[in-house]
Structures are given as C-alpha cells and as structure tokens.
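Everything on this sheet refers to the single structure shown next.
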Amino acid sequence: MDARTPKDLGLRSKLLVDKHAAYVKSFNRIWEGTDSLEFVATEHFWMSGIYWGLSAMAILGRLDEMDGEAVVQWILRCWRPDPMAKASPEGNKGIMSIKETLNENSALTATTKAAATAADNAEMAAAEADLRFNHPLDHPYGALSFNSSSSEYEKEHCRCLGGGVRSDVRPRQYIGGGFGASERNDPHLLATCSAVQILALYDRLHLVDADKIAKYVGSLQNDDGSFCGDIWGEVDTRFTYCAFLTLSILNHLHPSSPPSSPSSPLHPLPSSTHASYINLPLACQFIARCRNFDGGFGCTPGAESHSGQVFTCVAALSLAHRLDLLDIDLLSWWLAERQTPSGGLNGRPEKLQDVCYSWWCLSSLSAMGRLHWVDREELKRFILFCQDEEDGGISDRPDDMVDVYHTFFGIAGLSLLGEEGLEAFDPVWALPTKVVERLRRGRGREGE
C-alpha cells in the first residue's frame, strides 16, 4: 500500500469542487433522514460530522449553499443549558430532567433497588480486580477507577506505566452548558467544541450563554490539569484541545504571555476580559507530561506518540502561548518522517498512509513554521488521487469508500498546502482564517 502515486491522475488531477460540494450537500439536514443508514449509524457524532461538512464547504467557498439557519436551530436544540436537563430519548419532542428520569423507575420496590445496588457493586469490584491483577497493563490512566483504596504499590505501579490511579471514582456533578452530539445525546466536550465552532462559522455565538458554556468546560478539568470528555471520566489530550479552543472562541481563555515561538505564523487575539474557569498553567503541565522521547505526544502520559494527538497538543499549546514546551525541531522531524513513498502521511511509524493525516500532520507543522519539511507536491497528488471522480468525496486511500471526515481533512490539507481557489484555513483554530479574524476584531472592540 506504500506504492507511489501514479504520474497520470486522469480526472483526479484537479480538485473536483462541484462533485465534493454535491456530496457534502447530500447530508444536509441529516437529522431528518430517519430512513437512511447514516441516520441510524452516525447519530453519536452528528455534531462533529456537521462541523466537518460545513467546514469543507466553507473552504470550497460554498457555505452559502447549506441551510445555515436550519443548522443553527438544530444546534440550539442540542444545547443543555439546564444543569438538571438531559437529552430526551424522543429527540426534539422535549427535554427530560434527570429527576423525571429517575422518577420513571419509582415503581421499583426498596428491596429490588437494594438488590440491584448490591449486584452492581459486586460486578464493579470483580471488574476492578480482574483489570488490576489479570490485565495490569490495561489499567487506564484517566479512566474511572472503581474504588479509591488502591495500595501504594498499585499506585506506584501505575506511575511507572506513565499513569496513575484517579481519586474521583464516581461520576462528577452534572453541570449544564454543554452540547450533545444530537438532540438525544448527553453533553460531551467534543460535541460542545464542534457546536461552538459551527456557531462561530455562522456568526451566531450571541445566541448562547458563553459564560455558562465556559463553566461547563471548567467543570471537566481534573486535579492533574487534564480534562474529561464528559461526566463519566475518560481523559484524553483531545479534550484539552477542545477545552482550550472552545474557551478561546468564547473569549474565556487567558494566556499570560505572548507566543513563545517566533516561527509561529499565528498572532494572538487581544487579551480576554471574561472570567476563566480553568487552571491554564496546570493544563499545560499535563500536556507536557504527555510528551515522549521522540518529541511526539500521546493521549495520556506514557501513551504512544500519534499524529492526531500531536495536533491536539501543539494546537492547545499554541492557543495557550506555550510553544516553548515543544522541542520544535525534534517534533517536526518526527512528523516529516510520517510521509510514505506514496506521498501520503501516516499517523505512527509502520502504519499506512491516510488522507486525514494531511490535516493532523500539516496543521502541526504549519503552527511550528515547518510546513516545508514535507514534500508538498507529492502529498497534494496523494490527496487528489483519493477523490471519487464519479460521486464526489475523498477517501482515506485511493479507491476506498469516501466519507465526510476524510473529505473535510483532505480539503483542509489542500488549503494548508496553498491550493488555488480554496479559502485559507487556520491550522490551530480549525476555522476559516476570515472567521478567526472576525473573532479578533470583535474581541478588540470589547477591549475598547
């Protein structure tokens, strides 16, 4: 699969803008297509999927062909501003409170409830014992531990693996302000970030309570500086980036110093005048702990370096004005080594090339001023070769099935490469450059 991209790409030798726009438009109002496979199989990441599609159209200069008002209204229905509200299983028919959900089961007798609790506790204890003693290498840093009475030996064992035993063993308090991936999904930081990006894309941030969203983001920060994706406790550097970006768009992030890398092409927005609800220095320290000997970053301390995680960490540190925590040359070398003979990039050593890494790798290199460290022409040819010349869309590798995810990242990669006719796309904010400039102008007016 590392074969070189052919010299003659035929119809794929240029970006098929009309085909790709038509492909993305086919998913317009996906929340209404109840009879489609995509409706059934993809609801859990609709918010991200809609962001990918809209951003692709924005880069193509075709955003006005989407039903923006319908998208915005749908996003507002996915917002959970009430701390006692959760997603309704009937979608847009209404919001069901947690208290109402619990009361639905009031028919259970006290004996039945006690038996269920005892069985649940026994199952959790058995799972914890199996995880610790039969699969010690799988004991996850940042995942929920089942009890907090771990021995010092076990804690030290986890530290040696690059992890630790969490003390917040139960789900945290449910705080309103986040967005679900759909009307029937509970809030998650990934969906919240995508929702805020879309509202910024359409200049509709005034329709939501930025302070409430910022408090929700802050509620997901842990004592070690990391962030959970939601109240159930998964930790990943993806969530740190989502937290930083969401707060940056909402003007609630407070970097304390100017960008520390003169090679960075980015310029800071004027200082925020709004409240901050996170410990930014501690969050940056957590990112630094995720750095490996090769200069790359993993999802948690001690985890393998991965191009996707590298992007989240580089972009987060750029937003925080802490690129000084990177070994820029070492990391740029590691990213440049991701280019295969096909011209495409992979996510880790010895893995296949994939169009999505055209974004994950290039955005990081761009933020560090090292975009010229890869063969840009060969990468462009690889992306173009992954197009579907009949139905539109871009796939992970040539002649595979296309999807919106790879379509967006392929087009975004071409934008970073300077493809003619495409809108400029910011490598850190993951938004059109003109949208970031609009946010900058608005923030400047607030400070007047």
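Tell me the residue from Gly343, Gly347 that is in contact with a Lys or Arg (Cβ under 6 Å, 6 or more places away or on another chain), over 12 Å from Leu416 (Cα atoms), assigned by TED's automatic domain parsing to the domain that holds Trp429 and among the small types (Gly, Ala, Ser), please. If you could, list the steps in order and put the result at the bottom.
On the way: Gly347 fails: in contact with a Lys or Arg (Cβ under 6 Å, 6 or more places away or on another chain).
None of the other options fit; the residue is Gly343.
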Inset, instruction - Could you tell me which residue of the range 419-441 is nearest to Arg381 (Cα to Cα), considering only residues that are without any contact (Cβ under 8 Å) to a residue 40 or more places away in the chain and more than 22 Å from the chain's Cα centre (by Cα)? - result: Glu420
Inset, instruction - Search the range 350-373 for residues that are assigned to a loop (DSSP other than H, G, I, E, B) and pair each with any residue that is of a type in the set (Lys, Arg) and surrounded by fewer than 20 Cβ atoms within 10 Å (Cβ to Cβ) when their beta-carbon atoms are under 9 Å apart and the residues are at least 6 apart or on different chains. - result: Leu352/Arg397; Gln353/Arg397; Asp354/Arg397; Val355/Arg397
Inset, instruction - Could you tell me which of the residues Ile328, Ile287 is in the same structural domain as Ile213 (by TED's automatic domain parsing), under 22 Å from Asp375 (Cα atoms) and β-branched (Val, Ile, Thr)? - result: Ile328
Legend entry - Failed condition for Tyr23, given (1) assigned to a helix (DSSP H, G or I); (2) touching a Phe, Trp or Tyr at 6+ places or on another chain (Cβ under 8 Å); (3) in contact (Cβ under 8 Å) with a residue 40 or more places away in the chain: (2)
Legend entry - Given (1) among the polar types (S, T, N, Q); (2) at pLDDT 95 or above; (3) closer than 24 Å to Leu416 by Cα, number of the condition Asn279 does not satisfy: (3)
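The values are calculated or read from the model by the stated rules, or taken from the named source; none is laboratory data. On a predicted model such as this, the values are computed, not experimentally measured, just so you know. We place every Cβ from the backbone using ideal geometry, glycine too, and count neighbours over all the protein chains shown.
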